[in-house]
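Structure, as structure tokens:
Here, each number is a calculation from the coordinates, and none is a lab measurement. Fair warning: this is a prediction, and the values are worked out from it, not measured in the lab. Don't worry about glycine lacking a Cβ; one is built from the backbone with ideal geometry, like all the others, and counts go over all protein chains shown.
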Amino acid sequence: MRADLLTDAVDGLDEALAAVDGFDEGLVAGLLRPQPAQAHGLAALAEAVSGSPLAARVAEAAEKTAAGAAGEDHFVALAAARTALLGSVHDALVLRVEEAVGRPRDEQRAAVAGNAKDAVNLLTAARSWLCDVARSGWQGIDHELVGGAVPVVSAMLPDAALRRLATLLDGFAAELAASCPGATLERVPVRRWADLWSRAMLLTVPGAGASAPGVTEATGRLLPLGVDVQEHATAVQAQVHAVFEPADGGTPRLVRASVSAPKPDTVVGAGLWQLLRPHMSLLAAVSEGRAMELDAMPVTGEGDLIWDDARARAGEPAEVFTTARVALPTAAAFPTAPLDRHPARIAVPVLLEGYAVEEGEDGVAFQVAGQRLAVDTDRVPAAGPLTPEVVASSGACVGLLRWDAGEFLLQPLAVERTVRKKSVAVHAGAWAGGTTDKAGVRAEKAATDAVNVLRERAGRLLRK
């Protein structure tokens, strides 16, 4: 891997992010009566897209907003400009990663779903609420304002075509409600809330919902690379990254398969797998080091498998590092849908070997071809045997290359290390399908006991 390309500056990146940050800061105090600093941020956003087809609309929107006279169309234009800038950052970083790893690039655009009939009145209501939020700013939110999203979300949820936006609004409103009143906030998640606001705003434009990736079918062999676990207090998701080899001999592709489940906050660590296993047989294949044979498995235009156990069966043994050395270098990524282009979405599977390990106060880092690559061990899940100490003793690593806080980071999925003169692989998802590991068994038992207690209590409440 050309690690030097990951540390070299990307032309225009800092300027694009500065324009986004300037606009985001304006949303903190609100855009009802913008102050000079906010007006400067609006002007900088307009200047950043002055060479694009958005130029005239965004310039007008920035001027009207700075004067406190912005309408809904102006806020939509500002959200579009912000999204376009972050999309350009995404594209530049992805291109840099592709150059660094030398992987083939897919020039095709992501297929999109067919046109859906939009409920214009509901989209208008959602847009109106989002504009009110932007005018008040994060420091001006209160329960009355945030509660305005409730009837809109309730009306949208029964409509499958609007469920994408409804889910986004529901989660966004819940985060805002948990932070009310905004005037007392000591720390504001500026980038995150601006991300959610701008994405929701664009999804209120009639026809935007139809830009969701279309769905085709995949038949062939699936070779798992590793599992990324994302855990919250009330939910957990496991996302399996894999190489898909089409049965017709076509180009191997990088794909993902995800499974999510609600959870009580008392279920943590290896106990999470008990909630996820019943919903996806792929987790057992990951644990056992096996491939899976897919038969007409639905897959989106962005490479996300819509998992159906009836369309998959266990295949031959497939060792992760063999897959990474043989199949990964020729696997092409699916293109990213326009509205999904964002630096936070970057998660590129890579194989690193022959690196030196640095350990310091800042954590673990790999020296790759004379370049330092930070390792994000905070993303290593507690639901498996992979630990920062194991990562630090490794000589090869399969991981996800991400970009955060201005630099590329590596999230380990599996590592190889030498134990008693033998090469041993340790996987973050090793316990996904069950384990005989002593630590894993203890954690599973503790989780089982917690789940049984909760079920018993729930049963008592229902009987009452």
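For the range 338-427, give the magnitude of the charge dipole about the Cα centre (Cβ charges: +1 Lys/Arg, -1 Asp/Glu; no others), in debye to the nearest 20.
Dipole of the range 338-427, to the nearest 20 debye: 440 debye.
If we count every other residue with Cβ under 15 angstrom of Ala284's Cβ, Lys/Arg +1 and Asp/Glu -1, where does the sum land?
Neighbourhood net charge equals -2.
Contact order normalised by length for the range 4-210, with contacts defined as Cα pairs under 8 Å and 6 or more residues apart; what percent is it?
Relative CO of the range 4-210 lands at 26 percent.
Just check the range 215-333 against the gyration tensor rule for me: Cα atoms, a ≥ b ≥ c as the square roots of the eigenvalues, rounded for a/c under 1.5, and otherwise prolate or oblate depending on whether a/b exceeds b/c.
Here the range 215-333 falls in the prolate category.
Rounded, prolate or oblate: which one fits the range 4-210, using the alpha carbon gyration tensor with axes a ≥ b ≥ c (rounded when a/c is under 1.5, else prolate when a/b beats b/c, else oblate)?
Because a/c hits 1.5 or more and a/b fails to exceed b/c, the range 4-210 counts as oblate.
If contacts are Cα pairs under 8 angstrom and at least 6 residues apart, what is the relative contact order of the chain in percent?
It rounds to 15 percent for the chain.
Could you give the radius of gyration (one decimal) and Dmax (whole number) of the Cα atoms in the chain, in Å?
Cα only, the chain: 23.6, 71 Å (Rg, Dmax).
Charges only on Cβ, +1 for Lys and Arg, -1 for Asp and Glu: so what's the dipole of the chain about the Cα centre, in debye to the nearest 20?
Magnitude of the dipole: close to 1380 debye.
Peptides 67-74, 224-231, 366-373, 331-338: what's the order by average Cβ count within 10 Å, highest mean first?
Per-residue Cβ counts within 10 Å, averaged per peptide and sorted highest first, yield 224-231, 331-338, 366-373, 67-74.
Which one, Gly26, Thr323, Ala383, projects farthest toward the positive side of the charge dipole computed for the chain from Cβ point charges (K/R +1, D/E -1)?
Looking along the dipole axis, the top candidate is Ala383.
Using the Kyte-Doolittle scale, find the helices of the chain whose mean hydropathy is at least 0.0 and whose Cα atoms extend 30 Å or more along the helix's long axis, counting only whole DSSP H runs.
Result, helices passing both filters: 72-101.
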